[in-house]
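One structure is given here, and the rest of the page talks about it.
The values are calculated or read from the model by the stated rules, or taken from the named source; none is laboratory data. The structure presented is a predicted model; accordingly, all values stated were derived computationally and were not measured. As a convention, Cβ positions derive from the backbone with ideal geometry for all residues, glycine included, and neighbour counts pool all protein chains shown. The accessibility values were calculated without ligands, DNA or RNA, using every heavy atom of the protein model including side chains. Shrake-Rupley method; radii C 1.70, N 1.55, O 1.52, S 1.80 Å.
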Amino acid sequence: MSLPGIEPQPVEVAIAILYQDNHCLMQLRDDIPTIIYPGHWAFFGGHLEAGESPDEGVRRELMEEIGYEAPSLALFDRQTTGHITRNIYSGPLTVPVEALILTEGMDKKLCTRDEIVQGAAYSPKIKQTRPIGPPHQKILLDFLAKNLI
């Protein structure tokens, strides 16, 4: 939220597209109205800490949020929209989803191409279909169009 006449501070994040068997891992964000895209499917990742590189940040966030040490990640894209810069990484998920320990968000799942195209996915944990965050869907559609999985 921004106040009239006050420019929001620049924000830099590092996020990860983790894929397995032609599916992409997504996090169902908490339903907290003060966060961006509450109750939406999004990527694992987050804000960079002071002095932290995007490479370091994405690996730290994956460890914090799902206990996953990615064996390989490549920078897929870097996008700046408004005051947010997204460093987007991609890499294979090399463990079963059940082995991941979710410490942030309501659910996690491997989303299908159809769910990504439709812009919504069902959460078995909360037994509801929830939307994919619009920037996340756009990034995934671009990723899929480039046949990277």
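Would you pick out the residues in region 10-30 that are open to solvent by 30 Å² or more (accessible area, probe 1.4 Å) and closer than 23 Å to residue 96 by Cα? Spell out the reasoning first.
Taking region 10-30 and keeping what is open to solvent by 30 Å² or more (accessible area, probe 1.4 Å), we get 10-12, 19-23, 29-30.
19, 20, 21, 22, 23, 29, 30, listed by residue number.
When you look at residue 33, is it open to solvent by less than 80 Å² (accessible area, probe 1.4 Å), assigned to a loop (DSSP other than H, G, I, E, B), over 14 Å from residue 19 (Cα atoms) and free of Cβ contacts under 8 Å to residues at least 12 places away in the same chain, yes or no?
On the way: open to solvent by less than 80 Å² (accessible area, probe 1.4 Å): no; assigned to a loop (DSSP other than H, G, I, E, B): yes; over 14 Å from residue 19 (Cα atoms): yes; free of Cβ contacts under 8 Å to residues at least 12 places away in the same chain: yes.
Answer is no for this residue.
Open to solvent by 90 Å² or more (accessible area, probe 1.4 Å), within 17 Å of residue 136 (Cα to Cα) and not aromatic (Phe, Trp, Tyr): does that describe residue 40? Outline the logic, then answer.
Working: open to solvent by 90 Å² or more (accessible area, probe 1.4 Å): no; within 17 Å of residue 136 (Cα to Cα): yes; not aromatic (Phe, Trp, Tyr): yes.
Considered against the rule, which asks whether it is open to solvent by 90 Å² or more (accessible area, probe 1.4 Å), within 17 Å of residue 136 (Cα to Cα) and not aromatic (Phe, Trp, Tyr), residue 40 comes out as no.
If I filter region 67-80 for residues that are of a type in the set (A, V, I, L, M) and either under 13 Å from the mean Cα position of the chain (by Cα) or at pLDDT below 95 (or both), do I get at least one hit? Let's see the steps before the verdict.
Just the residues of region 67-80 that are of a type in the set (A, V, I, L, M), to begin with: 70, 73-75.
Remaining after also requiring either under 13 Å from the mean Cα position of the chain (by Cα) or at pLDDT below 95 (or both): none.
No: zero hits.
Anything in region 69-80 that is in contact with a strand residue (DSSP E or B) (Cβ under 9 Å, 6 or more places away or on another chain), surrounded by fewer than 15 Cβ atoms within 10 Å (Cβ to Cβ) and of a type outside the set (Lys, Arg)? List them, or say none. Steps first, please.
Initially, region 69-80 is screened for residues in contact with a strand residue (DSSP E or B) (Cβ under 9 Å, 6 or more places away or on another chain), giving 70-80.
So of that shortlist, the ones also surrounded by fewer than 15 Cβ atoms within 10 Å (Cβ to Cβ) come out as 71-72, 74-75, 77-80.
Passing the criteria: 71, 72, 74, 75, 77, 79, 80.
For region 119-149, how many residues are loosely packed, with under 14 Cβ neighbours inside 10 Å, outside any strand (DSSP E or B), over 16 Å from the mean Cα position of the chain (by Cα) and not basic (Lys, Arg)?
5
Starting from residues that are outside any helix (DSSP H, G or I) and not hydrophobic (A, V, I, L, M, F, W, C), keep the ones in region 102-118 and report whichever is surrounded by the fewest Cβ atoms within 10 Å (Cβ to Cβ).
Residues of region 102-118 outside any helix (DSSP H, G or I): 102-112.
Still in the list and also not hydrophobic (A, V, I, L, M, F, W, C): 103-105, 107-109, 112.
Values: 103: 10, 104: 14, 105: 17, 107: 18, 108: 21, 109: 19, 112: 14.
If we take residues in region 102-118 being outside any helix (DSSP H, G or I) and not hydrophobic (A, V, I, L, M, F, W, C), then 103 is surrounded by the fewest Cβ atoms within 10 Å (Cβ to Cβ).
Among the residues of region 71-78, is any among the aliphatic types (A, V, I, L, M) and outside any strand (DSSP E or B)? Please lay out each step first, then the result.
The initial filter retains those residues of region 71-78 that are among the aliphatic types (A, V, I, L, M), namely 73-75.
Filter once more, so that each one left must be outside any strand (DSSP E or B): 73.
Yes, because at least one residue in region 71-78 is among the aliphatic types (A, V, I, L, M) and outside any strand (DSSP E or B).
I'm trying to understand the selection: among the residues of region 81-98, which are aliphatic (A, V, I, L, M) and at pLDDT 95 or above?
Let us first name the residues in region 81-98 that are aliphatic (A, V, I, L, M), namely 84, 88, 93, 95, 97.
Across region 81-98, the qualifying residues are 88, 93, 95, 97.
Residues of region 81-101 being over 13 Å from the mean Cα position of the chain (by Cα), under 15 Å from residue 18 (Cβ atoms) and open to solvent by less than 70 Å² (accessible area, probe 1.4 Å), which ones? Walk me through it before giving the result.
Filtering region 81-101 for residues over 13 Å from the mean Cα position of the chain (by Cα) gives 81-85, 92-101.
Cutting the leftovers down to under 15 Å from residue 18 (Cβ atoms) gives us 92-101.
Result: 92, 93, 95, 97, 99, 100.
Would you confirm whether or not region 57-68 contains a residue that is open to solvent by 90 Å² or more (accessible area, probe 1.4 Å) and not charged (D, E, K, R)?
Step one: of region 57-68, the residues open to solvent by 90 Å² or more (accessible area, probe 1.4 Å) are 59, 63-64.
In the following step, the residues that additionally are not charged (D, E, K, R) were identified as 63.
Within region 57-68, one or more residues are open to solvent by 90 Å² or more (accessible area, probe 1.4 Å) and not charged (D, E, K, R).
Given the residues 39, 51, which is the only one that is out of contact with any His (no Cβ under 6 Å at 6 or more places or on another chain), assigned to a loop (DSSP other than H, G, I, E, B) and over 20 Å from residue 83 (Cα atoms)? It would help to see each step written out before you state the result.
Working: 51 fails: over 20 Å from residue 83 (Cα atoms).
39 is the lone residue from the list that is out of contact with any His (no Cβ under 6 Å at 6 or more places or on another chain), assigned to a loop (DSSP other than H, G, I, E, B) and over 20 Å from residue 83 (Cα atoms).
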